[in-house]
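A.B. asks: So that we are looking at the same thing, I have put the structure below in structure tokens.
Every number in this text was worked out from the coordinates using simple rules, so none of it is lab data. Predicted, not measured: the structure shown is a model, and the values here were computed from it. Every residue, glycine among them, receives a Cβ derived from its backbone with ideal geometry; neighbour counts consider all protein chains shown.
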Amino acid sequence: MRIGMLTGGGDCPGLNAVIRAVVRKGVLHYGDEFVGFMEGWRGVLDDVTMPLNLETTSGILHRGGTILRSSRTNVKKIPGGVEKCVEVLVKHGIDALIALGGDDTQSVNLALSEMGVKCVGVPKTIDNDLNGTDVCFGFDTAVTVATEAVDRLHSTAEAHNRVLVCEVMGRNAGWIAITAGIAGGADVILVPEIPIDMDEVCRLLRYRWEHGKKFAIVVAAEGAVLPETEQVSHGTKLDSFGHVRLSGIGQVLAEEIEKRTGYETRSVNLGHTQRGGTPTAYDRMLATRYGVAAIDLAHAGKFGRLVVLKGTEITDIPLADAIAKTRTVGEALLAVMKGLQPLASS
Ligand code: F6P
């Protein structure tokens, strides 16, 4: 087969590991040829490609970023964009297209699939919010980076008797915040799934002070929101998929905490450090398993589907199911978080 591949949306540790696995299994076991489209859907639209073979994908397993580059190009918003993509794919003689991306990328994958393109999706996002899969590759690396940051913040917070608010990514899902928060022993964890209760935040902080600990760590998801307000964003500009750039809730919280409690408070926004750099061993493994499953799916003739992890097994679901809703943090994990905090009566 002649297979096209692209990486769309925000980059994510493990993209190169998927690309390598797809190409290795495709070339070595199926005799496939590959065309890499550059910068997500933009590369298909503008017909910008690179060769993908054993040579060009060698030595990339451990590398962050993506050799195919990425962008948030939404061809569905461009008049005639989807049709132009189909034309370019036909021109290259593409038998199947493998798109690595989150919900936005997979929504374009679905649109092409509905026009007859033979598409397979691979779930990518550090946010871990893609519906239908238990884990997206890249999430473990982001959590590892965030947990290390939370560990490091403890000593400086303690040295200065401060509250340190650590803002992490995740958009409208609190997976990174709750996982790094619990793993790093944060005193307060704020996720988009529950509106922020400032009285409760201050109660938890005062409890610590009253029990002899004169420092505290707050982990806040970038999408966490105060009641009756909007999410805090960097400007109002929307990307081509209609998202604002979430950023700044950490600083808002730090000011409010200091005002209400009198405890000196600082904020730190981990931002893109969570997305950059080398993937963890877990993400390399998951990415490799997804890559092998994706090329196998193409050869099984199962198109319009996304490879997913269910429990410990890799399987696949319709692309439409993957983008049907955002997968947010469930009650069970929220209960673990709450179970570690003092009750109001204590
Ligand atoms: O979707 C992944 C993500 O890293 C989000 O957590 C974050 O809100 C967003 O991308 C940042 O996007 P950009 O790289 O365009 O600033």
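A.B. asks: In this structure, is Val120 of a type in the set (A, V, I, L, M) and surrounded by fewer than 24 Cβ atoms within 10 Å (Cβ to Cβ)?
C.D. replies: It is false that Val120 is of a type in the set (A, V, I, L, M) and surrounded by fewer than 24 Cβ atoms within 10 Å (Cβ to Cβ).
A.B. asks: Same structure, new question: Would you mind listing the strands (runs of 3 or more DSSP E) fully within the stretch 217-297 where at least 2 residues are hydroxyl-bearing (Ser, Thr, Tyr)?
C.D. replies: 233-238, 265-269
A.B. asks: Further question on the same structure: Find the residue count for the stretch 153-193, including only residues that are hydroxyl-bearing (Ser, Thr, Tyr) and either part of a loop (DSSP other than H, G, I, E, B) or within 15 Å of Tyr263 (Cβ to Cβ) (or both).
C.D. replies: 1
A.B. asks: Does the stretch 202-225 hold any residues that are of a type in the set (A, V, I, L, M) and over 22 Å from Arg152 (Cβ atoms), and which are they?
C.D. replies: Val225, the sole residue that qualifies.
A.B. asks: Ok, one more. Anything in the stretch 217-236 that is of a type outside the set (S, T, N, Q) and within 11 Å of the ligand (Cβ to nearest atom)? List them, or say none. So that I can check it myself, show each step before the final result.
C.D. replies: Filtering the stretch 217-236 down to residues of a type outside the set (S, T, N, Q) leaves 217-228, 230, 232, 234-235.
Once the filter is applied, which keeps residues that are of a type outside the set (S, T, N, Q) and within 11 Å of the ligand (Cβ to nearest atom), the stretch 217-236 yields Ala221, Glu222, Gly223, His234.
A.B. asks: How about the stretch 99-152: which of its residues are assigned to a helix (DSSP H, G or I) and of a type in the set (A, V, I, L, M)?
C.D. replies: Answer for the stretch 99-152, where residues must be assigned to a helix (DSSP H, G or I) and of a type in the set (A, V, I, L, M): Val108, Leu110, Ala111, Leu112, Ala142, Val143, Val145, Ala146, Ala149, Val150.
A.B. asks: Shifting gears a bit: Would you check if Arg327 is under 27 Å from Thr141 (Cβ atoms) and either of a type in the set (Gly, Ala, Ser) or in contact (Cβ under 8 Å) with a residue 40 or more places away in the chain (or both)? Outline the logic, then answer.
C.D. replies: Numbers: under 27 Å from Thr141 (Cβ atoms): yes; either of a type in the set (Gly, Ala, Ser) or in contact (Cβ under 8 Å) with a residue 40 or more places away in the chain (or both): yes.
Judged against the criteria, Arg327 is a match.
A.B. asks: Scanning the stretch 146-190 for residues that are within 28 Å of Ile314 (Cβ to Cβ) and more than 12 Å from the ligand (Cβ to nearest atom), which turns out surrounded by the most Cβ atoms within 10 Å (Cβ to Cβ)?
C.D. replies: For the stretch 146-190, the residue satisfying everything is Ala180.
Conditions (1) of a type in the set (S, T, N, Q); (2) part of a helix (DSSP H, G or I); (3) more than 16 Å from the ligand (Cβ to nearest atom); (4) surrounded by 18 or more Cβ atoms within 10 Å (Cβ to Cβ), marked per residue:
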position: Met50; (1), (2), (3), (4): no, no, yes, no
position: His62; (1), (2), (3), (4): no, no, yes, no
position: Arg72; (1), (2), (3), (4): no, no, no, yes
position: Pro79; (1), (2), (3), (4): no, no, yes, no
position: Val90; (1), (2), (3), (4): no, yes, yes, no
